[in-house]
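The values are calculated or read from the model by the stated rules, or taken from the named source; none is laboratory data. None of the values given here were measured: they were computed from a predicted structure. Every residue, glycine as well, gets a Cβ built from its backbone with ideal geometry; the counts of neighbours run over all protein chains shown.
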Amino acid sequence: MTAHNKASLNEIAKRVLLPGDPSRSTFVATNFLEDAVKVTDFRGMLGYTGTYKNKRVSVLSSGMGSPSAGIYAYELYKYYEVDSIIRIGTCGGFKEEQEVGDLIIALTASTDSNWAHQYDLKGTYSPPCTFSLLENSIKVCRFLKIPFHVGMVFSSDLFSTYSALGEQSWQKWAAMGSLAQDMETYALYSTAAYLHKKALSILTMTDNCLNGKSLSDDKRMSSMAPMIEVALETVIQQG
């Protein structure tokens, strides 16, 4: 057990899906996992372990933002001996051709956060995903005919809708090739790199920042199903 997770060591699988929203953990456990058991609900973060196609998988919510996601990822890798984490989150897209509901797979992450200062690197660090997870996820998307985009994600400390900077908080990142904005991918990729673990971030684009298109509230949870299926099919191939 840790300060943020009350599951026992053997209650967490080596493969973990990491949504931000606790209700998404319950959605995954209820609709995708067999024999799912709740293993932690401490601090409101819900975690379950079950099986998917006879492979043991856990799902644990991380909360919002780099600090929260980084804490949960670190504890899973370091203290629960997790091998692979796939973030299943949402994002705002930066390209006109992106449709709401499309998947954004983060090849690498950039940030306006000071997260990487802890590593004492004399430069700007942009952590990548794990290639084997990326490769498998693309194969799954193509097999299932699920629309997807692969590239850089901008992980911000600011929720752009509420930012005092408005659209200026993300426009320059979009101009430099970022596909979308979330808040957690950078911390996950950095933590995985530091601990020599595997990570991938697969995001459902719920809002297009350019044209204002957005998924309605009643469709947001069900729209996550393709992302969850891709993540599960990807992670169970990791041994």
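Pairs only if they're at least six apart or on different chains, beta carbon under 7 angstrom, first in the stretch 183-210 and under 16 Å from TYR80 (Cα atoms) and at pLDDT 95 or above, second part of a loop (DSSP other than H, G, I, E, B) and charged (D, E, K, R); list them, first residue then second.
Every condition considered, the pairs that remain are LYS197/ASP83; LYS198/ASP83.
Looking only at the stretch 213-234, which residues are touching a residue at least 40 places away in the same chain (Cβ under 8 Å), in a loop (DSSP other than H, G, I, E, B) and out of contact with any helix residue (DSSP H, G or I) (no Cβ under 7 Å at 6 or more places or on another chain)? Can you show your working first?
Within the stretch 213-234, the first condition is being touching a residue at least 40 places away in the same chain (Cβ under 8 Å), and the residues that meet it are 213-215, 220-221, 223-234.
Subset that is in a loop (DSSP other than H, G, I, E, B): 213, 215, 220-221.
Within the stretch 213-234, LYS213, ARG220 meet the criteria.
Filter the stretch 186-209 down to the residues that are out of contact with any helix residue (DSSP H, G or I) (no Cβ under 8 Å at 6 or more places or on another chain) and of a type outside the set (Phe, Trp, Tyr), then identify the one that is surrounded by the most Cβ atoms within 10 Å (Cβ to Cβ).
MET205
Could you check PHE32 against (1) under 16 Å from ALA69 (Cα atoms); (2) within 18 Å of the chain's Cα centre (by Cα) and say which number it fails?
(1)
Look through the stretch 120-156, keep the residues that are assigned to a loop (DSSP other than H, G, I, E, B) and touching a residue at least 12 places away in the same chain (Cβ under 8 Å), and return whichever of them is surrounded by the most Cβ atoms within 10 Å (Cβ to Cβ).
The first filter runs over the stretch 120-156 and keeps only residues assigned to a loop (DSSP other than H, G, I, E, B), leaving 120-127, 129-130, 145-147, 156.
Cutting the leftovers down to touching a residue at least 12 places away in the same chain (Cβ under 8 Å) gives us 125-127, 129-130, 146-147, 156.
Values: TYR125: 17, SER126: 14, PRO127: 23, CYS129: 28, THR130: 19, ILE146: 17, PRO147: 12, SER156: 23.
My answer is CYS129.
How many residues are in contact with a helix residue (DSSP H, G or I) (Cβ under 7 Å, 6 or more places away or on another chain), of a type in the set (A, V, I, L, M, F, W, C) and more than 21 Å from GLY92 (Cβ to Cβ) when one looks only at the stretch 127-143?
The qualifying residues number 2.
Given the options PHE159, PHE148, name the one that is among the aromatic types (Phe, Trp, Tyr), at pLDDT below 95 and under 18 Å from the mean Cα position of the chain (by Cα).
One residue alone meets the criteria, PHE159.
Quick check on the stretch 74-81. Is at least one of its residues out of contact with any helix residue (DSSP H, G or I) (no Cβ under 7 Å at 6 or more places or on another chain) and more than 20 Å from HIS196 (Cα to Cα)?
no
If LEU210 meets every condition in (1) in contact with a Leu (Cβ under 7 Å, 6 or more places away or on another chain); (2) assigned to a loop (DSSP other than H, G, I, E, B) apart from one, which number is that one?
Only one criterion is unmet by LEU210, namely (1).
Which fully enclosed strands (runs of 3 or more DSSP E) of the stretch 18-70 have 1 or more residues being among the charged types (D, E, K, R) and in contact (Cβ under 8 Å) with a residue 40 or more places away in the chain?
55-60
Condition first: over 19 Å from GLU233 (Cα atoms) and out of contact with any Gly (no Cβ under 8 Å at 6 or more places or on another chain). Can you find one or more residues in the stretch 49-64 that meet it?
no
Do the conditions hold for GLY63, that is, is it of a type outside the set (A, V, I, L, M, F, W, C), within 12 Å of GLU11 (Cβ to Cβ) and surrounded by fewer than 23 Cβ atoms within 10 Å (Cβ to Cβ)?
No; evaluated as a whole, the condition is false for this residue.
Between ASP83, ASP35, ASP102, ASP41, which is more than 18 Å from VAL230 (Cβ to Cβ), touching a Pro at 6+ places or on another chain (Cβ under 9 Å) and acidic (Asp, Glu)?
Exactly one of ASP83, ASP35, ASP102, ASP41 is more than 18 Å from VAL230 (Cβ to Cβ), touching a Pro at 6+ places or on another chain (Cβ under 9 Å) and acidic (Asp, Glu), namely ASP41.
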